[in-house]
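Working notes, structure below.
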Amino acid sequence: MKILVADRISPIGVELFKAETGFEVIEAYGSTLEQLLEIVKDVDAIALRSDTRVTADVVAAAPNLKVVGRAGVGVDNIDIEACTDRGVIVMNTPTGNTLATAELTFTHMLAGTRPIVQAGASMKAGRWDRKLKSFTGSELNGKTLGVLGMGRIGAEVAKRAQAFNMDVLGYDPYLTESRAKTLGVTQSTLDEVIENADYITVHMPLTADTKHMLDADAFGRMKDGVRVFNCARGGIIDEAALIEALNSGKVAAAGLDVYEDEPPAEDSPLRQIDNLVLTPHLGASTQEAQENVGIDVAKQMIEALKGEMVRNALNMPSLDPKVLAQLAPYMTLGEKLGTFSQQLAPEGVEKITIRYFGKITELDTLPLTYAIQRGYLREISENVNDVNAPKKIERLGIETVEVKSSAHAEFTELVEVEVTCKDGKTRTIGGTLVGKNQNPRIVTIDGHGVEVNTDATLLVLKNKDVPGIVGFIGFTLGEDNINIANMSLSRDQGEGFAVSVFELDSAPSEACAKKITDNAAIEKYRVIKL
């Protein structure tokens, strides 16, 4: 496999790639887009930092591409949607530079509290402005810090703030009450942080929801003399609104490490404001962080390329190997159920409902849901894997619903897939694992109990429950020189119908199929290839 190291990462990380048997490493730093499009034609993976851009064109030019690994957190330079469409795993290294970014944030907070940058410049200019009013600072002690985003970095900033005797308000849509208590922060709404904090620091990704989260309206509702900092992503703070607030005195001081446009223009007004400290995107720029993210991305990519654990993926679930081992037989079953359900109702499906019963509900079933989606797409789409299956299902206009049920089922563990068609009709297929070897079995079809192997060509019939049907089917298939390996029959006395499933060595010919469907007792006929 060919690994392209497109940007400079830790030499130890590069050596980890080179140490793997069967890996060829290409180091191509500073490549132009034209050069990159040529280089990626036969690469299996790309390791990069923030300089190289993996665009849709790059992805399209790399038919063998399996993994893109970002040595760092931000993935603004990677077209994740294009990668997902092609089934390419995109991963980052969120922990390697956590402490570096948290410490830089706190450095900015201190520089915004005591004007050490401005005072230092004054000293180097030959002045002794000890009594200059603008050099009179403030103290962190007793102040309230609002942290927007309580992930790894936000949590580390909060920890350091508490050491300075600050009260911390934490806002994060995913922050639970128990997590807030563990971190020692007050769980707050965005409005509560904006209106009550003396200091505000941003630690969220840039999304449609967070873009210009701190705009002119937000600054207007902040305390007079508030201090604001962003070492996360440019664009979360509306820079025009920040400039206005700094010039008006609403904001006493601010610090930025990231910008809406990087680098800011040479004549940017940001560069002219005395009480604004600027750094050139240095969040991860420590020796330790650079080393860590380079090593982390190499290890993660090697594991993914070798079919082992996938960690820190942004477009597929990350699983612990032990959990993956537990789920493996269910995933085989799930893929078969997905394939079966698509062929059972091949047209007009608008919803897939997946129900889990029994002990399996205690596991992380998302990878199993992906396996079912992958199986559903097997016969109708190309190049499907866990990365792109959910997106492909969505683009077909099919909604996927996952349900973990505590209701009693006939089996210790049961996976049930129900497809709902546009006409409101549903078809349902259920499966479980059987025996010590955990062999996958189909055990229900539209509520009828059966037992069918999943490695077979299946003839599924719904027929009137009248004498002679089994003999007729056996004779007709025999005339077509098709051997029956096994069969399962489920009668429904109430409706007067039966569901019959025949495991065949091969699919019936068109002539044989016509003979069977012409029989007045046959209501439904379907050949399922698993």
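Quick look at the values:
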| item | result |
| --- | --- |
| Number of the exception - residue 360 against (1) surrounded by fewer than 14 Cβ atoms within 10 Å (Cβ to Cβ); (2) farther than 29 Å from residue 88 by Cβ; (3) of a type in the set (Val, Ile, Thr) | (1) |
| Helices (runs of 4 or more DSSP H) within region 152-224 that include 2 or more residues of a type outside the set (Gly, Ala, Ser), in contact (Cβ under 8 Å) with a residue 24 or more places away in the chain and surrounded by 15 or more Cβ atoms within 10 Å (Cβ to Cβ) | 152-163, 177-183, 190-196 |
| Region 25-52: number of residues that are out of contact with any Asp or Glu (no Cβ under 9 Å at 6 or more places or on another chain) and open to solvent by 80 Å² or more (accessible area, probe 1.4 Å) | 5 |
| Residue in region 122-132 that is touching a residue at least 24 places away in the same chain (Cβ under 8 Å) and of a type in the set (A, V, I, L, M, F, W, C) present | no |
| Whichever residue in region 86-103 is in a helix (DSSP H, G or I) and open to solvent by less than 30 Å² (accessible area, probe 1.4 Å) and, among such residues, is farthest from residue 138 (Cα to Cα) | 98 |
| Close pairs (6 angstrom Cβ cut-off, 6 or more residues apart or separate chains): at pLDDT 90 or above in region 296-313, assigned to a helix (DSSP H, G or I) and of a type in the set (Gly, Ala, Ser) anywhere | 298/13 |
| Selected residue (criterion: farthest from residue 106 (Cα to Cα)) from residues of region 157-183 that are at pLDDT 95 or above and out of contact with any strand residue (DSSP E or B) (no Cβ under 7 Å at 6 or more places or on another chain) | 165 |
| So residue 145, is it modelled with pLDDT under 95 and either outside any loop (DSSP other than H, G, I, E, B) or closer than 22 Å to residue 94 by Cβ (or both) | no |
| Residue that is farthest from residue 295 (Cα to Cα) [pool: residues in region 1-39 that are outside any loop (DSSP other than H, G, I, E, B) and acidic (Asp, Glu)] | 34 |
| Residues satisfying the stated conditions in region 385-403, i.e. aliphatic (A, V, I, L, M) and farther than 21 Å from residue 361 by Cβ | 387, 389, 393, 396, 398 |
| Scope region 53-72; condition surrounded by 24 or more Cβ atoms within 10 Å (Cβ to Cβ), within 24 Å of residue 231 (Cα to Cα) and not small (Gly, Ala, Ser); matching residues | 54, 70 |
| Within region 329-373, considering residues that are small (Gly, Ala, Ser) and under 21 Å from the mean Cα position of the chain (by Cα), the one nearest to residue 392 (Cα to Cα) | 371 |
| Residue satisfying condition, being touching a residue at least 24 places away in the same chain (Cβ under 8 Å), open to solvent by 40 Å² or more (accessible area, probe 1.4 Å) and among the polar types (S, T, N, Q), within set 463, 519 | 519 |
| Any hit, region 141-159, residues being in contact with a His (Cβ under 6 Å, 6 or more places away or on another chain) and not β-branched (Val, Ile, Thr) | yes |
| Verdict on residue 436 being open to solvent by 50 Å² or more (accessible area, probe 1.4 Å) and either among the small types (Gly, Ala, Ser) or in a strand (DSSP E or B) (or both) | no |
| Within region 319-331, tally of residues that are crowded, with 18+ Cβ neighbours inside 10 Å and either without any contact (Cβ under 8 Å) to a residue 40 or more places away in the chain or touching a strand residue (DSSP E or B) at 6+ places or on another chain (Cβ under 8 Å) (or both) | 1 |
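The values are calculated or read from the model by the stated rules, or taken from the named source; none is laboratory data. Values in this document were obtained by computation on a predicted structure and should not be read as measured data. Here the Cβ is made from the backbone with ideal geometry for all residues, glycine too, and neighbour counts use every protein chain on show. Accessible surface areas use protein heavy atoms only, side chains included; no ligands, DNA or RNA. Shrake-Rupley method; radii C 1.70, N 1.55, O 1.52, S 1.80 Å.
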